[in-house]
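The values are calculated or read from the model by the stated rules, or taken from the named source; none is laboratory data. All figures in this text were calculated on a predicted structure; none of them were measured in a lab. Cβ placement follows ideal geometry from the backbone for every residue including glycine, while neighbour counts extend to all protein chains displayed.
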Amino acid sequence: MLKKFFFNHTEAPPTFIDSIEDKEQVHIIRLKGPIDMFTIPSIQELKEEAEKEKGMISKNILLNFGKVTHIDGATCALLLNILSELKQEKHKLVITNASEELKNMMEISKIGELFLVYETETQGLEELKKEEV
């Protein structure tokens, strides 16, 4: 459902999304390129449009940062925003393949302990499965 929205909503898929996979209880969003103060306004705009669609954000979200090339402080602010919205709906946010830069930025800003961060997508999915039981 989320995949259809992002890939059919515009003429071309957003430059910051490599792929989206909708699984039973999770949207897997594989990001790419820079996720920073220059791309975040576009991300916010699409996220807000997706939220207006009934049932669009109705699952846990796994963000795979494996192909992300640059992040900044705005990235952490975006992650906090997404986490807050998901928690209100009783959903979880999992971050995988985070660069050392992102991990350090989250640690320095004292938000690292708020997130479920895993080295691989498989580990993140396993954690979500454990929490379902």
Matching option when the condition is touching a residue at least 24 places away in the same chain (Cβ under 8 Å), in a loop (DSSP other than H, G, I, E, B) and not β-branched (Val, Ile, Thr), among Ser58, Ser42: Ser58
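Has the range 65-76 got any residue that is part of a helix (DSSP H, G or I), of a type in the set (S, T, N, Q), in contact (Cβ under 8 Å) with a residue 24 or more places away in the chain and over 16 Å from Asp22 (Cα atoms)? Full working, then the answer.
Quick first cut of the range 65-76, residues part of a helix (DSSP H, G or I) only: 73-76.
Narrowing further to those that are of a type in the set (S, T, N, Q): 75.
Next cut, in contact (Cβ under 8 Å) with a residue 24 or more places away in the chain only: 75.
Within this subset, residues satisfying the condition of being over 16 Å from Asp22 (Cα atoms) are 75.
Yes, the range 65-76 contains at least one residue that is part of a helix (DSSP H, G or I), of a type in the set (S, T, N, Q), in contact (Cβ under 8 Å) with a residue 24 or more places away in the chain and over 16 Å from Asp22 (Cα atoms).
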Of all residues in the range 11-34, how many are part of a strand (DSSP E or B) and surrounded by fewer than 17 Cβ atoms within 10 Å (Cβ to Cβ)? 5
Mind checking whether some residue in the range 13-20 is at pLDDT below 95 and of a type in the set (S, T, N, Q)? yes
Complete set of residues in the range 109-133 that are under 24 Å from Thr39 (Cβ atoms), of a type in the set (A, V, I, L, M, F, W, C) and over 12 Å from the mean Cα position of the chain (by Cα): Ile111, Leu114
Does at least one position in the range 55-65 carry a residue that is more than 12 Å from the chain's Cα centre (by Cα), over 17 Å from Glu121 (Cα atoms) and crowded, with 19+ Cβ neighbours inside 10 Å? no
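Might you check whether a residue that is under 12 Å from the mean Cα position of the chain (by Cα), assigned to a helix (DSSP H, G or I) and touching a residue at least 12 places away in the same chain (Cβ under 8 Å) occurs anywhere in the range 86-108? Write out each step before concluding.
Here is the first cut: in the range 86-108, the ones under 12 Å from the mean Cα position of the chain (by Cα) are 86, 92-98.
Now restrict to residues that are assigned to a helix (DSSP H, G or I): 86.
Applying the additional criterion that residues be touching a residue at least 12 places away in the same chain (Cβ under 8 Å) yields 86.
Scanning the range 86-108, I find at least one residue that is under 12 Å from the mean Cα position of the chain (by Cα), assigned to a helix (DSSP H, G or I) and touching a residue at least 12 places away in the same chain (Cβ under 8 Å), so the answer is yes.
Of all the residues that make up the range 66-93, how many are among the charged types (D, E, K, R) and within 15 Å of Pro34 (Cβ to Cβ)?
So the first thing to find is which residues in the range 66-93 are among the charged types (D, E, K, R), and the list is 67, 72, 85, 87, 89-90, 92.
Then keep just the ones that are within 15 Å of Pro34 (Cβ to Cβ); that gives 67, 72.
Matching residues across the range 66-93 total 2.
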Qualifying residues in the range 109-133 (those that are touching a Ser or Thr at 6+ places or on another chain (Cβ under 6 Å) and part of a helix (DSSP H, G or I)) - the one surrounded by the fewest Cβ atoms within 10 Å (Cβ to Cβ): Glu121
For the range 72-116, enumerate the residues that are among the β-branched types (Val, Ile, Thr) and farther than 24 Å from Glu51 by Cβ. Ile108
Selection from the range 51-70 of residues at pLDDT below 95 and among the charged types (D, E, K, R) yields Glu51, Lys52, Glu53, Lys54, Lys59
